[in-house]
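A short write-up of the structure that comes next.
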């Protein structure tokens, strides 16, 4: 009888534990381990899963890391990167489909929008400014990255925003941008820029519904904090 590596039995027990409650009983490193063993079937990936979570300071940042960042970790090659980024892409697509299926989601569950962009942007090392263009019924027309900036600054060009909004006949817009730090408090520049854009779009009959600032664990709404006119 051929002696099997010890991790083979461990892996089978991990699968059974996952199937019993579809993952709810597994720790972060165990979920990542189970994923990595699909990409690296002939390797004990438990130490690798723990090392990744330690290096990126958490479970979610592992999936948000770029391919190049992941490959800098010992033992991570194309197969592991593909598995990790595939899960990240699938999560984004599922959330993206959810928030664009119904206007009711926008009106009743802004949390879905925030969750989607937190997954997409919260661990980015640079600020990005996104705009959701909506019609009169608050249905999504287009989701656009308006600008990508440095670690703490985005240089916006209002002319581009106006052109996009008019070209697709948007009536409402939602702004979203990330803070690479965990502090979502708007800077004076954030407040001034938002006010300028609100005034500019108002003259064109376009309403700014809200402006969300997100980070890995926090979110700031301009509307809830009365930084918008309406």
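A few points about this structure:
- The residues of region 115-148 that are within 24 Å of residue 182 (Cβ to Cβ) and touching a residue at least 60 places away in the same chain (Cβ under 8 Å), listed by number, are 117, 118, 121, 122, 123, 124.
- Boolean, residue 126 is outside any loop (DSSP other than H, G, I, E, B), at pLDDT below 85, in contact with a strand residue (DSSP E or B) (Cβ under 9 Å, 6 or more places away or on another chain) and surrounded by fewer than 18 Cβ atoms within 10 Å (Cβ to Cβ): no
- Selection over region 162-192 of residues that are part of a strand (DSSP E or B) and closer than 18 Å to residue 122 by Cβ gives a count of 5.
- Filtered residues of region 194-230 (kept if more than 17 Å from the chain's Cα centre (by Cα) and either buried (at least 19 other Cβ atoms within 10 Å of the Cβ) or part of a strand (DSSP E or B) (or both)): 194, 197, 198, 201, 206, 207, 208, 209, 210, 222
- Scan of region 52-70 for residues that are surrounded by fewer than 14 Cβ atoms within 10 Å (Cβ to Cβ) and not in a loop (DSSP other than H, G, I, E, B), ordered by number: 54, 67, 68
The values are calculated or read from the model by the stated rules, or taken from the named source; none is laboratory data. Everything numeric here is computed off the predicted structure, so don't read it as measured data. Backbone-built Cβ (ideal geometry, glycine too); neighbour counts: all protein chains shown.
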